[in-house]
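Before any comments, here is the structure.
The values are calculated or read from the model by the stated rules, or taken from the named source; none is laboratory data. Bear in mind the structure is a predicted one, so any value in this text is a computation, not a measurement. Note that we place each Cβ from the backbone using ideal geometry, even for glycine, and neighbour counts take in every protein chain shown.
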Amino acid sequence: MEDIMKPLKNNSMKWRYFKQSLFFGAVRLSSLIIALALGGILFYIIVNGIGAISWDFITKPPTDSMTKGGIMPAILGTIYLTIGAIAIGLPLGIASAIYLTEYAKQGRVIRLIKVGINCLAGVPSVVFGLFGLGFFVIFLKFGSSILSGSLTLGFLILPTIIGAAEEALKAVPQTFREASLSLGVSKWQTIYRIVLPNALPGILTGSILGIGRAAGETAPIMFTAAAYFTAKLPGSIFDEVMALPYHIYVLATAGTNIEATRPIQFGTVLVLVAVVLSIDLIAIIIRSYMRKNKRW
Amino acid sequence: MDFNIIIKLNKVNFYYGQSRALTDITMNFRKNKVSALIGPSGCGKSTLLRLLNRMNDLIDGTRVEGEILFEDKNIYAKDVDPVEIRRKVGMVFQKPNPFPKTIYNNIAYGPKLTSMKTDDLDALVEQSLKQAVLWDEVKDILNKSAMNLSGGQQQRLCIARALAMKPDILLMDEPTSALDPISTAKIEELIEELKKNYTIIIVTHNMQQAARISDETAFFYLGNLVEYNKTEKIFTNPDVKHTEDYITGRFG
């Protein structure tokens, strides 16, 4: 206790500024390392993959046992699966979050459900894949198809979306709800007209993470949707598709000529990154459009 | 039986979980009067106010005993829909809370969603804004966001929004505590004007305000109604010593 009152040794202004710059430096350095790592990965992918990119590469199906030709079916497949996952995960996730934050009586049961959702977020994706195989593919007889894959991916990203939506809903000021309810507007109308519109930008922000994950995951679609090779494009949601992550996996581990197809592998990775980023970009544009209209 | 009574509280007890916030409150609010609820923080005056339009229902674990009669019907009876009650009993909150919508849509929001019979929404918006003495300031910017208005204007907008529902009663929970003196004066003038058509029940921490604008004043302390009387009497010659001490600033 008496130490507090004693003047500290070396507590001159100079020493304190030195400490400050030391810590600022450390913080800066860690940001720099992260930026460098990210930049390095991107740079490596671009350098190795750019050579494979051509108009034919993104518009033609593979040929010669997937050692030549393009990856168009895989691009299309990934886009289908991602859109499917969003179509399933987003409404379900938002609905669950609305129930959890707006309707459910906060108590032990709800806490337990929330813990469960968080655990779900930590479940390895291959477990989701096996669940999808057992439930959607075999039990519900959807077969290996866009539908099974989208459902599996949709459930995979559900915890992310529920979490994001919960936070966004909680961030809407309670005074908005009170104002609306005090006018004799019903609870559902209040949620639909006031709470949800104001929470949507936040929900989208969090969902972007989920969307990226849905597009990039390999394990969940391995057993539920992805084809090793199919030249024909899917005609319905009950058809199998090729998908970029699985295509990369196949080329890199089980292709007919692994070494020779390295450039194609990197080209495919580059395309996958581009697809994920453009889906994110669309979400970001929608979000900023919404934010412009809603402000408090 | 006094026909001028609009709300009757009969032995009302209110609990947040285990703790009792209001004890055996029995009182009547009179029609077309301004009634002020005063008392130190935590005395239960805001709780009482929020009982009158069932806003306390929103809080988990609360419980009401006794009855609150609005036009001779217990608003806590099983068959009463709180949404119905809130249409008839409007509320203005401590901090101005307009929706992040246009000025027009802030007013039109309630009438539109509650399928109120409105032949002419534009007219209703204009009428409500005029009643709240805001029309002249906003008539040219009805399609601008309400968030751009000043605090005082926002609060008058909130009053207009409540009036658009054509309530019988207007509850005000410290409506001027977040406002500057000029805006406060405007709201006080407005209250004076509104009591011709509405019953107003106002919670205030400002003793002068209660004295200036109210016809009747109720003093609460620790969840009990200590004294309820004509404002003039309360502020000049209260029956209870405790009331006098509070009003003269000897405690509180």
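Among (1) away from chain B (no Cβ under 14 Å); (2) in contact with a helix residue (DSSP H, G or I) (Cβ under 7 Å, 6 or more places away or on another chain); (3) in contact (Cβ under 8 Å) with a residue 60 or more places away in the chain; (4) part of a helix (DSSP H, G or I), there is one condition A:L209 misses while meeting the rest; what is its number?
It is condition (3) that A:L209 fails.
Out of curiosity, is B:L69 within 14 Å of another protein chain (Cβ to nearest Cβ) and of a type in the set (A, V, I, L, M, F, W, C)?
So B:L69 fails the test.
Among helices (runs of 4 or more DSSP H) lying entirely in the stretch A:69-182, which contain 2 or more residues that are under 30 Å from B:A164 (Cα atoms)? Steps first, please.
Working: elements: A:72-98, A:108-122, A:125-132, A:146-171, A:174-182.
By residue number, A:146-171, A:174-182.
Do any residues in the stretch B:53-64 that are within 11 Å of B:V83 (Cα to Cα) have Cβ atoms under 7 Å from those of residues that are part of a strand (DSSP E or B), where the two are at least six apart or on different chains, and which pairs are they?
B:N53/B:V89; B:N53/B:M91; B:N53/B:L171; B:M55/B:M91
Residues of the stretch A:217-242 being surrounded by fewer than 18 Cβ atoms within 10 Å (Cβ to Cβ) and either part of a helix (DSSP H, G or I) or of a type outside the set (S, T, Y) (or both), which ones?
Passing the criteria: A:F229, A:A231, A:K232, A:L233, A:G235, A:I237, A:F238.
Could you please let me know if B:I141 is more than 17 Å from the chain's Cα centre (by Cα), touching a residue at least 12 places away in the same chain (Cβ under 8 Å) and surrounded by fewer than 18 Cβ atoms within 10 Å (Cβ to Cβ)?
yes
Picking from A:P245, A:P263, which residue would you name as being closer than 22 Å to A:T160 by Cα and part of a helix (DSSP H, G or I)?
A:P245 is the lone residue from the list that is closer than 22 Å to A:T160 by Cα and part of a helix (DSSP H, G or I).
For the stretch B:64-82, give me the residue count where each residue is in a loop (DSSP other than H, G, I, E, B) and within 18 Å of B:T47 (Cβ to Cβ).
Number satisfying all stated conditions: 2.
Only residues that are over 26 Å from B:S183 (Cβ atoms) and either more than 9 Å from chain A (Cβ to nearest Cβ) or surrounded by fewer than 19 Cβ atoms within 10 Å (Cβ to Cβ) (or both): list them for the stretch B:83-110, please.
Those that are over 26 Å from B:S183 (Cβ atoms) and either more than 9 Å from chain A (Cβ to nearest Cβ) or surrounded by fewer than 19 Cβ atoms within 10 Å (Cβ to Cβ) (or both): B:V83, B:E84, B:K88.
How about the stretch A:132-148: which of its residues are exposed (fewer than 14 other Cβ atoms within 10 Å of the Cβ) and at positive phi?
Matches in the stretch A:132-148: A:K141 only.
Would you pick out the residues in the stretch B:57-79 that are modelled with pLDDT of 90 or more and in contact with a Lys or Arg (Cβ under 7 Å, 6 or more places away or on another chain)?
The answer is B:G66, B:L69, B:I75.
Quick one: in the stretch B:111-134, of everything that is assigned to a loop (DSSP other than H, G, I, E, B) and within 20 Å of the chain's Cα centre (by Cα), which residue is nearest to the other protein chains (Cβ to nearest Cβ)? First the steps, then the outcome.
Step one: of the stretch B:111-134, the residues assigned to a loop (DSSP other than H, G, I, E, B) are B:114-120, B:132-134.
Then drop every residue that is not within 20 Å of the chain's Cα centre (by Cα), which leaves B:132-134.
On the way: B:A132: 15, B:V133: 20, B:L134: 16 Å.
So, considering only residues that are assigned to a loop (DSSP other than H, G, I, E, B) and within 20 Å of the chain's Cα centre (by Cα), the one nearest to the other protein chains (Cβ to nearest Cβ) is B:A132.
Within the stretch A:164-200, track down each residue that is more than 14 Å from every other protein chain (Cβ to nearest Cβ) and surrounded by fewer than 21 Cβ atoms within 10 Å (Cβ to Cβ).
Those that are more than 14 Å from every other protein chain (Cβ to nearest Cβ) and surrounded by fewer than 21 Cβ atoms within 10 Å (Cβ to Cβ): A:E167, A:K170.
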